[in-house]
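**Student:** This is the structure I have questions about; it appears just below.
The values are calculated or read from the model by the stated rules, or taken from the named source; none is laboratory data. Quick caveat: nothing in here was measured; it's all calculated off a predicted structure. Neighbour counts are summed over all protein chains in view; Cβ atoms, including those assigned to glycine, are modelled from backbone coordinates with ideal geometry.
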Amino acid sequence: MRVILMGAPGAGKGTQAERLVEALKIPHIATGDIFRAAVKEGTELGNKAKSYMDAGKLVPDEIVIGIVKERLMKPDCKQGFLLDGFPRTVSQAEALDENLKDRPIDYAVYIDADFDDLVERISGRRICSKCGKSYHVKFNPPDVRGVCDDDGGDLYQRDDDNEETAKERLEVYNEQTSPLIKYYEDKGLLKRVNGSQDPNGVYKEILNVLGVQEG
Ligand code: AP5
Ligand code: MG
């Protein structure tokens, strides 16, 4: 199955993707995660991406498209994949279509969450510095404050989750990414799910629109 997971910053793409890829046994391709890993490693890509990410802006299309094209050529994508955070502009979507000519996208799942929920989710998100597991101070708190349940790693806040950058990310989303809702609607691929319910409810709704039985 070839799936795109769409939604504004904080809508719950990463949270849902984690469970979905385990159930569907397909790789999770998250461009944001790829860039964050590159920044951490201090690679040339990371250095290029960092200034855009810190400003809440999109990394230029030509950089992102090249990375995703390369990733989709890997053998583990033969049985399908789940894209999280890509495409994010109409140019990226067109490049993806062109690249996937003989194996087109099956579904574009749009996690539709209320604006107020987005802001609260972004500001309360915490990440484990060791394993990258995501928490929320209110909605998904760790057993011990500031510490990962799985490996005891310290939890930190993403650099772009501060108020100013988050605001910019939401604006960029409205301007540059939200047109993709219509793009995939016109192709008959869009599946809208209610993102303003608890994560388990969102998960069940996604499985339902994908026609997958739970369990
Ligand atoms: P990216 O990493 O993709 O960030 P984003 O799109 O802003 O989305 P987030 O990761 O913030 O949110 P999410 O939807 O994954 O929510 P999550 O599940 O974590 O991109 C970062 C940057 O990289 C971009 O700004 C850009 O610079 C660059 N970039 C990436 N891709 C690019 C591209 N294609 N083109 C150009 N540039 C690109 O949930 C958030 C919080 O809420 C968590 O704490 C979670 O526990 C909680 N939560 C989740 N679901 C629920 C729920 N149902 N109820 C209550 N709490 C919930
Ligand atoms: Mg994410």
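**Student:** Hey, among the residues in region 9-29 that are over 18 Å from Asn140 (Cβ atoms) and either of a type outside the set (D, E, K, R) or within 9 Å of the chain's Cα centre (by Cα) (or both), which one's surrounded by the most Cβ atoms within 10 Å (Cβ to Cβ)? Steps first, please.
**Tutor:** As a first pass, look at region 9-29 and keep what is over 18 Å from Asn140 (Cβ atoms): 21, 23-29.
Now narrow it down to the ones that are either of a type outside the set (D, E, K, R) or within 9 Å of the chain's Cα centre (by Cα) (or both): 21, 23-24, 26-29.
Working: Val21: 19, Ala23: 15, Leu24: 18, Ile26: 19, Pro27: 16, His28: 17, Ile29: 24.
Result: Ile29.
**Student:** Another question, then. Mind checking which residues of region 64-74 are surrounded by fewer than 16 Cβ atoms within 10 Å (Cβ to Cβ) and not in a loop (DSSP other than H, G, I, E, B)?
**Tutor:** If we filter region 64-74 for residues that are surrounded by fewer than 16 Cβ atoms within 10 Å (Cβ to Cβ), which is where we start, we get 66, 69-70, 73-74.
Gly66, Lys69, Glu70, listed by residue number.
**Student:** Residues in region 20-35: is at least one of a type in the set (Ser, Thr, Tyr) and within 16 Å of ligand 2 (Cβ to nearest atom)? So that I can check it myself, show each step before the final result.
**Tutor:** The initial filter retains those residues of region 20-35 that are of a type in the set (Ser, Thr, Tyr), namely 31.
Subset that is within 16 Å of ligand 2 (Cβ to nearest atom): 31.
Yes, region 20-35 contains at least one residue that is of a type in the set (Ser, Thr, Tyr) and within 16 Å of ligand 2 (Cβ to nearest atom).
**Student:** From the list Lys57, Lys40, Lys101, which one is surrounded by fewer than 20 Cβ atoms within 10 Å (Cβ to Cβ) and within 17 Å of the chain's Cα centre (by Cα)? It would help to see each step written out before you state the result.
**Tutor:** Numbers: Lys40 fails: within 17 Å of the chain's Cα centre (by Cα); Lys101 fails: within 17 Å of the chain's Cα centre (by Cα).
The unique qualifying residue is Lys57.
**Student:** Continuing with this model, one more query. Looking at Ile122, is it in a helix (DSSP H, G or I), at pLDDT 95 or above, within 16 Å of ligand 2 (Cβ to nearest atom) and under 20 Å from Ala8 (Cβ atoms)? Steps first, please.
**Tutor:** On the way: in a helix (DSSP H, G or I): yes; at pLDDT 95 or above: yes; within 16 Å of ligand 2 (Cβ to nearest atom): yes; under 20 Å from Ala8 (Cβ atoms): yes.
For Ile122, the condition - in a helix (DSSP H, G or I), at pLDDT 95 or above, within 16 Å of ligand 2 (Cβ to nearest atom) and under 20 Å from Ala8 (Cβ atoms) - is met.
**Student:** Right, another one. Say whether the condition of being more than 16 Å from ligand 2 (Cβ to nearest atom), in a helix (DSSP H, G or I) and not hydrophobic (A, V, I, L, M, F, W, C) is met by at least one residue in region 127-140. Even if it seems obvious, please write down each step before you answer.
**Tutor:** Filtering region 127-140 down to residues more than 16 Å from ligand 2 (Cβ to nearest atom) leaves 129-130, 137-138.
Cutting the leftovers down to in a helix (DSSP H, G or I) gives us none.
No, there is no match, as no residue in region 127-140 is more than 16 Å from ligand 2 (Cβ to nearest atom), in a helix (DSSP H, G or I) and not hydrophobic (A, V, I, L, M, F, W, C).
**Student:** Kindly establish whether Gly14 is farther than 25 Å from Lys78 by Cα, modelled with pLDDT of 95 or more and within 10 Å of ligand 1 (Cβ to nearest atom).
**Tutor:** Values: farther than 25 Å from Lys78 by Cα: no; modelled with pLDDT of 95 or more: yes; within 10 Å of ligand 1 (Cβ to nearest atom): yes.
Taking the combined requirement at face value, the residue does not satisfy it.
**Student:** Which residues, counting only those in region 105-143, are closer than 30 Å to Cys77 by Cβ and among the charged types (D, E, K, R)?
**Tutor:** Asp106, Asp112, Arg121, Arg125, Lys130, Lys133
**Student:** Please count how many residues of region 1-36 are in a loop (DSSP other than H, G, I, E, B), among the β-branched types (Val, Ile, Thr) and out of contact with any strand residue (DSSP E or B) (no Cβ under 8 Å at 6 or more places or on another chain). Show your work before the answer.
**Tutor:** Taking region 1-36 and keeping what is in a loop (DSSP other than H, G, I, E, B), we get 1, 7-12, 25-27.
Next cut, among the β-branched types (Val, Ile, Thr) only: 26.
From the residues that got through so far, the ones that are out of contact with any strand residue (DSSP E or B) (no Cβ under 8 Å at 6 or more places or on another chain) too are none.
Selection size over region 1-36: 0.
Here's the yes/no breakdown for (1) loosely packed, with under 13 Cβ neighbours inside 10 Å; (2) touching a Leu at 6+ places or on another chain (Cβ under 9 Å):
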{"position": "Asn140", "(1), (2)": "no, no"}
{"position": "Val147", "(1), (2)": "no, yes"}
{"position": "Asp160", "(1), (2)": "no, no"}
{"position": "Glu164", "(1), (2)": "yes, no"}
{"position": "Lys191", "(1), (2)": "no, yes"}
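**Student:** Restricting attention to region 169-211, which residues are in a strand (DSSP E or B), among the charged types (D, E, K, R) and in contact with an Asp or Glu (Cβ under 8 Å, 6 or more places away or on another chain)? Steps first, please.
**Tutor:** Of region 169-211, the ones in a strand (DSSP E or B) are 190-194.
Those left that are additionally among the charged types (D, E, K, R): 191-192.
Result: Arg192, single match.
**Student:** Cβ contacts < 9 Å: first residue without any contact (Cβ under 8 Å) to a residue 40 or more places away in the chain and assigned to a loop (DSSP other than H, G, I, E, B), restricted to region 75-91; second residue more than 9 Å from ligand 1 (Cβ to nearest atom) and not acidic (Asp, Glu), any location; separation 6+ or different chain. Result?
**Tutor:** So the pair list comes out as Lys78/Arg103.
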